[in-house]
Structures are given as C-alpha cells and as structure tokens.
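Here's the structure we're looking at; comments come further down.
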Amino acid sequence: MTAGFTPYPAEFAVRYRAAGHWRGETFGRMLRERAAGHGERVAIVDPAGEGRRWTYAELDRRADRMAAGLVARGIRRGDRVVVQLPNVAEFFEVVFGLFRIGALPVFALPAHRYTEIVHFCSFTGAVAYVIPDVDGGFDYRELADRVRAESPALRLVLVAGEDPGEHARLADVPCDSPLGGEFGEPQPGDVAFLQLSGGSTGVPKLIPRTHDDYIYSLRGSAELCGLDQDSVYLCALPAAHNFPLSSPGSLGTLYAGGRVVLCPQPGPETAFPLIGREGVTITGLVPPLALLWLDAAERGARGFASLEVLLVGGAKFSEEAARRVGPLLGCTLQQVFGMAEGLVNYTRLDDPEDVITTTQGRPISPDDEIRVVDDHDRDVPDGTTGHLLTRGPYTIRGYWNAPGHNADSFTADGFYRTGDLVRRTSTGHLVVEGRAKDQINRGGEKVAAEEIENHLLAHPAVHDAAVVSMPDPYLGERTCAYVVLRRSERERPPKVVELKRFVRGRGLADYKVPDRVEFVDAFPATGIGKVSKKDLRAAIATSLRTATGPNAGPNAGPNAGPNAGPNAGPNAGPNAGPNAGPNRKQ
Ligand code: AMP
Ligand code: DBH
C-alpha cells in the first residue's frame, strides 16, 4: 500500500494532527456522513441526455454498490485503476466506489492518448481502466484495445456507455452483496489516489495524496471560497484535474454539502444557460476560458446572474483581464495558484480589489511554509523574485515511486521545488513572475519540453530538438519546437505538418503537439555549452513581434496548429479547449 509513497515525517504528522488539520477523515466516511446528515439534498447534476440528479443518499448507495461490484471483479485494496472519464456522473460513482475499498484512482484526463495511458498503466501496474465509449468524437474503446495489449497487469476495462465493444459495461458492475470483512476500512493516512503532475520531465510523474492531507485542502478551500450547503459549483474544467477536483472543486463542494453541476463543455454557450437553470454560485476556469466568458458577457450574453465567485487559475491571469471580471460578470474574482503536488494559494473574497487583481493569493494554511530563494537556496527578501519552495500539511514529500526525480524536486528537509518564480508582497501574497522549470503553460495545460523533444527526436530526419514557449494573446503561451535536421535531410527537409503529424501519431494528447516548428542549423548555446532556451524564447518572441502580413502571429498561417480544433485541450473540458474560442476564427 505504501510502496512508492514518501510518508510525512512523524513529527510533522503529529503537528498537523494537533493543529486540527488532519482530522482522521476518509472520503468513504465523508460521503457516508453527508448522506446521513442531508441525504435528500442533490449532490450531483449531470445534464447530459435526459439529465440525472443524484442525491447524497443516492451517490452514497451507488458508491457502495460500485465498491461491491469492483470487489466482485477482483479489484482489491491498494490496486490502481486508471480513470479517464469526461464530466459525467459516473466519475463520482467510480471514484467514491474505489475510495471505499481503498483502491487508488489514477486520474487521467480525457485528452490523454495511447502513450500517456500506457505509461500510467504500466508505471502504476494498474489492474483496471475506466473509459467512456465515445466522447468528443473519439472512441476510447479502440484506445483501450491498444492499451490492453501493452499492459500485462490490466485485467479489466470498464466502459461508461451502452456499447462496451470488447470490454465490460460499467453499468453491469454494481451489485448488492456487502463488502467482506477482509476489506477493513481505508485509513486516513493511506494514499487515496494518484494525481498527475504537469511535469517537466520525459514522462509525467504521479502524485500520491492521502485522505487526511487532501481532505484538509478541501476543508480549507471550501471555507475560504465561502462554500456551504447552498453553494452550487459548476464543474466546467475536466473533473479529474486537480483544480476543478479540489480548489474547491467538486470534492470541496461535496465536503461542504453543496451541489455539483457537471458542465459538458466549458464555453459560455453551454455554461451560461446551465448556470441560469441550476442557479450556479461558483465555478473555476483557466484564463483563456475566463477571457471567452468575459468576451461573451461583453457582447451581451446572459444567464450568469446567480454567479457569486469566479475562480481563475492554472496559469497567470493578466491584471487587465482580472479587472474586467467584476464589471462584466458581476461576481467576485478569486485568483488561485495551485499545484497537484499540494500548495494552493487563493486571494481572499474580502481582499482589496488591487490584491485580487494583481496577486495570485496566499496559502490556504497557516502551516504552509513558503520560501522564496535564489539559485543557491538562499532566502531573498519580500519583493524580490525567486524560486518558490514549499512544505506543509497537504504538500507531498515525494512523487510516486520516483527516487531519482525526488532528489531533484525536493530539498533534503522536504521542501517541494515548485519550479515557479514568485515574488512575495509585504502582505504575504504571492505574485507569479515566471518559471524555472522546463515547461510550457499553454493556458493551464502544462507541456513538459523534454517529453515533446523526445518524441521529435524519434523522427528519422531530426538531429536535435528544443521546445520552448512563445507568447500568445489568448493562451498566454504556446509551444514552439526548434529543430536541427540531420545533415543528410537538409536538402529535402520534412514539412512542418509532417513533423506535427508525426508527434501526434506517437499517441499524445493533442495539446502537446507543437504549435509551431522552426528549423535551424544549430541552437544558441549558454556559457557552458548547454542549449540556451532563453535565447530561443527571445528569438521566437522577437520574430512574432516583428512579423507582419498574413502569416504573422503564432496562431496564423500553416502553423496555426492542430490544437486549434474544438477537441483540443484536457484542461479546457472534455471537448472544447481554450482554443475553441477566438483563435479558431483566424
Ligand atoms: P501541476 O504541478 O501540473 O499541478 O501544475 C501546477 C503549476 O501550474 C504551478 O506550479 C504553476 O506553474 C502553474 N499555475 C497554477 N496556477 C497558476 C496561476 N494562478 N498563475 C500562474 N501559474 C499557475
Ligand atoms: O494548475 C494547477 O495544477 C492548479 C491550479 C489551480 C491546481 O492544481 C489547483 C488550483 O489545485
């Protein structure tokens, strides 16, 4: 059970319990208690098809029946189960069913494809994989056929939908037989699930979160986002992502006894009518989606009058956009700067306007330890930009089964190296100033440069590749791949579209396909001979600034990118991406 998990040192665990942060709760018991307290209140609204409204009692009963059925199919405590579902009610039935038996959901996103899923399955030794039949025009059953062939431990594929193909129907799993005593209850200190890191390494890292630590972050988030039983949270981003799951997200809402409304598409045309119909009071968006909502409101779209709080996070929200939220949407903006590894910062609802619009908030907990340091791990004064290190009651002490990465990502005394560059204000608020990690933040969707470089290097014509961010008015950043071709290929270089097709063909989420490819003879080097990504970033930024004519700009011309389609982007909801917006019109 604890293999691969770096525990909190005993003295910290004692402290976090004594402070009342860790209260010995588990997800299974939390749902049971809510169902006992107000079983008749609606917990989950899924508007798809004819619509479903599950009360707390119903969700609790479904979780029990799912748990029993999963056990009958051989799933055991500690087993890993990759869950890749869009925003449908079954997501909660499955996840709470797994929580109850102490099996660990591994939270994949709908945008993930063959390469990512095979990695999650093989790295975790997953025994089961839960998918929809078809979503956003993509057939997950075919993906599962291929994944299964590569994943020896995978015994079971469960399909939410009518036609499971070669696999089993999720709807046939639940059963009434009670759980055997051998199951014993999961303990509060046990790992509850594995979350994904956006990462900066060749393959995504997995994040083990315990019941105790995650539930503390839910409780803290719910409190400072003002959630109570009357709150209605719209889950517009993909439900499995850490932000809509926990900040305060669907789980924070269930913790508070409120109602979760699942939004199948995050665009205003779907979300606004749903907000109006369901009386949604709070939701969370990545910046590109927030911009779409603001633009729609400005053009006169209506329906969002019940909205009280809009959380924006996942990537930096510009001050200019932040200042439009109140006037256009008539609600309070709450910036959130979080990470699946733990630490979550929020602006407070009663912070002064300037703090809300110019900072990314401050930590949930008085026991979140924040250090802002220089390149040699020496603390810098407030107001100076440095690397953000953190340690606290809901921040992991290590990635799952990754001793090598852990040595790089954590200090000897257990601080997580976030890779973010921040400045702390005199009021203790953090302002995100940049990033030291080798990652592109594509409107909240994280792309690890190394991962994409490795895929490019697999192309026979490619000698070397360096992936960097380029500025983009909507996504904040997009990806630009600089490529050095093999000498023998330079006479007849491959087309840009071919390289993109090649990367996509490697079985990657669409949002990871480079938006732009630039061929160069050599990379600029740093003083000690490493590729200077700083110079590459500067070069592409300059070329975008100075470019004129029809092909100017990152989104224009043949490089407009495969990701500009309606199915782009995991963080942007099951089907639509931040890309589903204005960029498509170009
Ligand atoms: P992950 O580790 O994949 O969960 O991604 C978390 C990362 O997203 C953080 O370390 C930041 O780099 C980025 N991030 C999240 N929220 C914000 C925000 N509000 N502003 C800037 N960057 C953010
Ligand atoms: O980007 C993130 O991972 C993120 C953003 C806001 C997050 O994990 C969170 C809040 O909890």
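The table below lists the values:
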{"quantity": "Filter result (at negative phi and part of a loop (DSSP other than H, G, I, E, B)) within segment 229-257", "calculated": "229, 230, 231, 236, 237, 238, 239, 240, 241, 247, 248"}
{"quantity": "Looking only at segment 411-450, and only at residues there that are open to solvent by less than 10 Å² (accessible area, probe 1.4 Å) and of a type in the set (D, E, K, R), the one that is nearest to the chain's Cα centre (by Cα)", "calculated": "445"}
{"quantity": "Candidates 464, 438, 472, filtered to the one that is more than 16 Å from ligand 2 (Cβ to nearest atom), touching a Ser or Thr at 6+ places or on another chain (Cβ under 6 Å) and either over 30 Å from residue 7 (Cβ atoms) or in contact (Cβ under 8 Å) with a residue 60 or more places away in the chain (or both)", "calculated": "438"}
{"quantity": "Residues within segment 255-281 that are closer than 28 Å to residue 215 by Cβ and charged (D, E, K, R), tallied", "calculated": "2"}
{"quantity": "Strands (runs of 3 or more DSSP E) contained in segment 387-452 and holding at least 1 residues more than 30 Å from residue 291 (Cα to Cα) and near ligand 1 (Cβ under 10 Å from one of its atoms)", "calculated": "416-424"}
{"quantity": "Breaking point among (1) out of contact with any Lys or Arg (no Cβ under 6 Å at 6 or more places or on another chain); (2) under 29 Å from residue 331 (Cβ atoms); (3) open to solvent by 10 Å² or more (accessible area, probe 1.4 Å), for residue 198", "calculated": "(1)"}
{"quantity": "Selection count where residues are more than 16 Å from ligand 2 (Cβ to nearest atom), within 23 Å of residue 230 (Cβ to Cβ) and crowded, with 21+ Cβ neighbours inside 10 Å, scope segment 333-364", "calculated": "0"}
{"quantity": "Residue within segment 303-310 that is within 22 Å of the chain's Cα centre (by Cα), buried (at least 22 other Cβ atoms within 10 Å of the Cβ) and within 16 Å of ligand 1 (Cβ to nearest atom) present", "calculated": "yes"}
{"quantity": "Residue among 319, 353 that alone is away from ligand 1 (no atom under 16 Å from the Cβ) and acidic (Asp, Glu)", "calculated": "353"}
{"quantity": "Some residue of segment 84-99 being assigned to a strand (DSSP E or B) and modelled with pLDDT of 95 or more", "calculated": "no"}
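The values are calculated or read from the model by the stated rules, or taken from the named source; none is laboratory data. Keep in mind that what you see is a predicted model, and the values were worked out from it rather than measured. Neighbour counts run over all protein chains shown; Cβ positions are idealised from the backbone, glycine included. What goes into the accessible areas is simple: the full protein's heavy atoms, side chains included, and nothing from ligands, DNA or RNA. Shrake-Rupley method; radii C 1.70, N 1.55, O 1.52, S 1.80 Å.
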